[in-house]
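Remarks on the structure that follows.
Values in this text are rule-based calculations from the coordinates and carry no lab data. Worth saying up front: this structure is predicted, and the values here are computed from it rather than measured. Ideal geometry is used to build each Cβ from the backbone, glycine not excepted, and the neighbour counts take in all protein chains shown.
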Amino acid sequence: MKMPVANQSERHILIIDLSKRFGGASTRALTLARNLHPWRVSLVCLKDSPVAKAAEDLGISVEVVGGSRVDPRILFRLVSIIRKGSYEILDTQNVQSQFWGSLAAWLTGISLVSTLNSWYRYEHGGNWRGKLYTAIELGTQWQTAHYIAVSEEVQAALVSAGIQNDRISLIRNAIEIVSDPTPQDQNELRLPLGIASGSIVCLAVGRLVWAKGFDLLIESFAMVAKIVPNVILLIVGDGPLRSKLEEQVQTLGLQQHIHFLGYHGREFVLKILSAGDIFVMPSRTEGTPLALLEAAILGLPIVATHCGGIPEIVTNNSEAILVSVGDSAGLSDSIVRLCRNPRYARELGMRAKLKVERDFSPKVQAHNTQQVYLKILERSYPTSATRNLIHDK
């Protein structure tokens, strides 16, 4: 579907992603930067970060502001970039970006948009980090012109926190459509990983943190392996819980069935997804998970929890099997069901692929985001003279 551009005149947009590791927020930032044409878009990143390298490889303009998220030079450099580039919109993709972005917006008058890929209190299970990040997000609302929520759950959390509904837009994540990405011979990808012929390969992708629920998946796999002896689980990702999860695998005697592949870039993730049979997402909380969108676009049958934006992407028993959060028995039963019924699994995967191709297009995401930006600019800078005064501030 061809989506008309909201306004053909050039706008100057600055997207900030100060993440140290590549995740869903980085994928969203890159996808958006590639599809906001004909507007001029630059991406603000940390030095040598994965998202900076990926942006450069894609030909996206990159501005480096520091070596870490607490680098005191970030604010000075960000203000300088905004003024020299005459940027009109500053769109932050995570809480660290929002902290520095709100200060830069205060000093320059640029319109600030906060894109929330998750609700921090939910993501971190209510611990001190989640409370701190939520406090930063809400504490910067005085400077924030608008919020973009990637799921209905995030949108509802913002409203519950006191943000007016007319300051929030729901714009779900998108996925780049790749024509026929699956290789003809899966064994070409499986053999280098030591996967035996005839194995049923389950895949899980994400940061090894509490919110992603990998401990529940490992617990469920103890039962799956007893019923389906040739099943294997590959976990792609890294994080603070890796050692604890590896110990759990050892305790349950699942060393032959579960393998940790560590962190890898998107190209590897897409290849390893192409080598799999079933995608599993056991999350306790989510936004609009890009890993699930990637699995769907590749036609993989999906088992996931009913949380966050997941049921906004796939419907239970139509495009996926969804189980309750924390239900390890439900996860194991669903995985076994797909292992034993490959025809049903293929049908789920194909329906998920068709739905994602239809509803999660980058062009739709970019168009809806442009509409938000233009609405903010019309409200904030009604005349070119006002805009010039703000940038000369």
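Quick look at the values:
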| read-out | value |
| --- | --- |
| Candidates Lys47, Lys363, Lys244: whichever shows maximal mean-square fluctuation once the chain is modelled as a Gaussian network with Cα springs under 10 Å | Lys244 |
| Computed [θ] at 222 nm, helices only, for the chain once each DSSP H run of length n ≥ 4 contributes -39500 (n - 2.57) | -13500 deg cm²/dmol |
| Cα-based Rg of region 213-279 normalised by 2.2 N^0.38 Å, two decimals | 1.11 |
| At R0 = 41 Å, FRET efficiency that the Cβ-Cβ distance of Glu247 and Arg340 yields, to 0.05 | 0.85 |
| Binned Cα-Cα distance frequencies in the chain - 20 Å width, integer % | 28, 55, 16, 1 |
| Helix axis angle, 214-227 relative to the chain longest principal axis, alpha carbon, degrees | 20 |
| Evaluated at q = 0.13, 0.15, 0.17 Å⁻¹: base-10 log I(q)/I(0), Debye formula over Cα of region 3-134 | -0.52, -0.69, -0.88 |
| Cross-link pairs Lys53/Lys375; Lys47/Lys212; Lys47/Lys375; Lys20/Lys363; Lys131/Lys244 - those with Cα-Cα distance over 29 Å | Lys53/Lys375; Lys47/Lys375 |
| Gain upon complete extension [Leu58, Leu170; 0.36 nm per residue less C-alpha separation] | 37.7 nm |
| For region 187-359, Kirkwood radius (reciprocal of mean inverse C-alpha pair distance, Å) | 15.7 |
